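The values are calculated or read from the model by the stated rules, or taken from the named source; none is laboratory data. Keep in mind the model is a prediction, meaning the values are calculated, not measured. Here Cβ is always computed from backbone atoms with ideal geometry, including for glycine, and neighbour counts include all displayed protein chains. Just so you know, the surface numbers come from the protein's heavy atoms only, side chains and all, with ligands and any DNA or RNA stripped out. Shrake-Rupley method; radii C 1.70, N 1.55, O 1.52, S 1.80 Å.
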Amino acid sequence: MIVQVFFVVFPIFALVGIGYVIARVGYLDRSLGDILSKFCVNLLIPILLFRSLGSADLDGISPWGYWATYYGSMAVVAFLGGLLVRVGFGREARAAVIAGLTASFSNTVLVGIPLIDAVYGAEGTLLISLLIVFHAPLTALTSSVLMERAVVIDGHKAPRSKKELLIAVGKGLLANPILYGVVGGLLWNVSGLEIPKLADDVLAPLAKAASPVALVAVGMSMVNYGIRGNLAIGGVLAIIKSILMPFVVFVVAAHVVGLPSVWVGVATLIAACPTGVFSFIMANQFGTGHAMSTNGIAITTGISVFTVSFWLWFIQVQGY
């Protein structure tokens, strides 16, 4: 069964590999990876999410346990990752925040959506869309609050007022096109209207292009990250992200909250996805943790074809 599972996952990450190779050998300029990523995030994926949520049957769906499972698990793993770096490696408070993100924040958009769509189809895409509703707002708000406190603890500046902090986070969220795709899809769904056929004939090919373009973009962007500096911290955080994070999510989803089978599988696979670039963005913004975040991103992405295959095999063996 694990061989069959590998062949389900392999084509997804083969596209990541193709993107990496064509950027590494210079067939296409590596800067194109960032352009393709923006194209996906700003246009293709919002359209995919809008179509998925806009036409989905949401009757009887109660995502509260699903949200509590994933974000509760994410908080626990982020705390453990940050504590390990703060106490075990003796790093500053700001680096501990970056460590927590590296250990828990999944690439839900560029990797998660194509993966879940390939494994679970439309039902899985709906479930990951429901998760993304709060993924950016919660993570951005929590990370900003924690980083503001960490900057003060490290003695770099006085804290900003709550109003200033909320305004800064709000501006960031309003500039996030993924949120518009999700909210727009939900509002369209609530309206009870169908997407006009002529409009959907335009949107459909763009939505279908989202997954392959996103995966190639991830591969090309990886050339800009790579392994740098001290590998130890990034390696440990990569292990936490690839093994502990999906394990905690699975246990809570299956044995504590008792979510339906597909929900358990989707949540576990999302947790098993490689680290998202948000950890590096935060590291770059606050001037610390660059090596640990880039190493975490590079390692988790590099081994994800094997780790994701394992977790897909695991949840199938467990009957989910």
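Whenever you get a sec, compute what percent of the accessible area on the chain sits on carbon and sulfur atoms (1.4 Å probe).
69
How far apart, in nm, are the 7 Å Cα→Cβ label points at residue 208 and residue 171?
4.1
Nearest 10 degrees, 0 to 90: what angle lies between the long axis of helix 113-153 and the longest principal axis of the chain (Cα atoms)?
With both axes taken from Cα atoms, the answer is about 30 degrees.
Would you mind checking the tilt of helix 162-174 against the longest principal axis of the Cα atoms of the chain, expressed as 0 to 90 degrees and rounded to 10?
40
Could you do me a favour and compute the accessible area per residue for the chain, 1.4 Å probe, result in Å²?
Values: 14280 Å² over 320 residues.
Accessible area per residue, the chain: 45 Å².
Between 32, 83, 297, whose Cα lies farthest towards the positive end of the dipole of the chain when Lys and Arg beta carbons carry +1 and Asp and Glu beta carbons carry -1, centred on the Cα centre?
After comparing all options, I get 83.
For the stretch 1-125, give the magnitude of the charge dipole about the Cα centre (Cβ charges: +1 Lys/Arg, -1 Asp/Glu; no others), in debye to the nearest 20.
On the way: 7 positive and 7 negative charges, 109 e Å.
Its charge dipole is roughly 520 debye.
In debye to the nearest 20, how big a dipole does the chain give about its Cα centre with +1 on each Lys and Arg Cβ and -1 on each Asp and Glu Cβ? It would help to have the intermediate numbers written out before the result.
Details: 17 positive and 13 negative charges, 196 e Å.
In debye, rounded to 20, the chain gives about 940.
Going by a ≥ b ≥ c, the root eigenvalues of the Cα gyration tensor, does the chain fall in the rounded group (a/c under 1.5), the prolate group (a/b larger than b/c) or the oblate group?
In terms of gyration-tensor shape, rounded.
Quote to one decimal, in nm, the extra length available between residue 42 and residue 64 on full extension: 0.36 nm per residue of separation minus the C-alpha distance between them. Intermediate values should be presented prior to the final figure.
Numbers: separation 22, 0.36 × 22 = 7.92 nm, distance 2.77 nm.
That works out to 5.1 nm of additional length.
Can you give the translational diffusion coefficient of the stretch 244-303 in µm²/s, computed by Stokes-Einstein from the Kirkwood radius over Cα pairs at 10 °C and 1.306 mPa s?
Numbers: Rh = 12.8 Å.
The diffusion coefficient I find is 124 µm²/s.
Please list 297, 167, 240 from largest to smallest accessible area, probe radius 1.4 Å, with all protein chains kept in place. All intermediate terms of the calculation are to be shown ahead of the outcome.
On the way: 297 5, 167 80, 240 25 Å².
Result, largest first: 167, 240, 297.
What does the extension gain come out to for residue 261 and residue 195, with contour length at 0.36 nm per residue minus their alpha carbon separation?
20.8 nm
Pull up all non-local amide H partners of residue 106: gap of 5 or more, or a different chain, and H-to-H distance under 5 Å with H placed in the peptide plane.
Those qualifying (amide H under 5 Å, at least 5 residues apart or on another chain) are 276.
What is the extension gain from residue 224 to residue 243, computed as 0.36 nm multiplied by their sequence separation minus the C-alpha to C-alpha distance, in nm to one decimal? Intermediate values should be presented prior to the final figure.
Working: separation 19, 0.36 × 19 = 6.84 nm, distance 2.51 nm.
Length gained, residue 224 through residue 243: 4.3 nm.
Taking θ as phi - 60°, what are the ³J(HN,Hα) couplings along the stretch 297-314 by the Karplus curve (6.51, -1.76, 1.60), each to the nearest whole Hz, with x for Gly and Pro?
4, 5, 5, 5, 5, x, 9, 5, 4, 7, 5, 5, 4, 4, 5, 5, 4, 4
Mean-square fluctuation check for the chain, GNM, Cα pairs under 10 Å: which of 62, 106, 143 is largest?
62
Report the normalised scattering of the stretch 27-147 as log10 I(q)/I(0) at q = 0.12, 0.19, 0.20, 0.21 Å⁻¹, calculated by the Debye formula with identical scatterers on the alpha carbons.
The calculated log intensity ratios at q = 0.12, 0.19, 0.20, 0.21 Å⁻¹ are -0.57, -1.10, -1.15, -1.19.
Can you show me the helix-derived [θ] at 222 nm for the chain, built from DSSP H runs with n ≥ 4 at -39,500 (n - 2.57) apiece and divided by the number of residues, rounded to the nearest 500.
Details: 14 runs with 234 residues, N = 320.
Value at 222 nm, helices only: -24500 deg cm²/dmol.
FRET efficiency for residue 89 and residue 153, Cβ-Cβ distance as r, R0 = 22 Å, nearest 0.05? Write out the running numbers ahead of the final one.
Details: r = 16 Å, r/R0 = 0.74.
The computed FRET efficiency comes out at 0.85.
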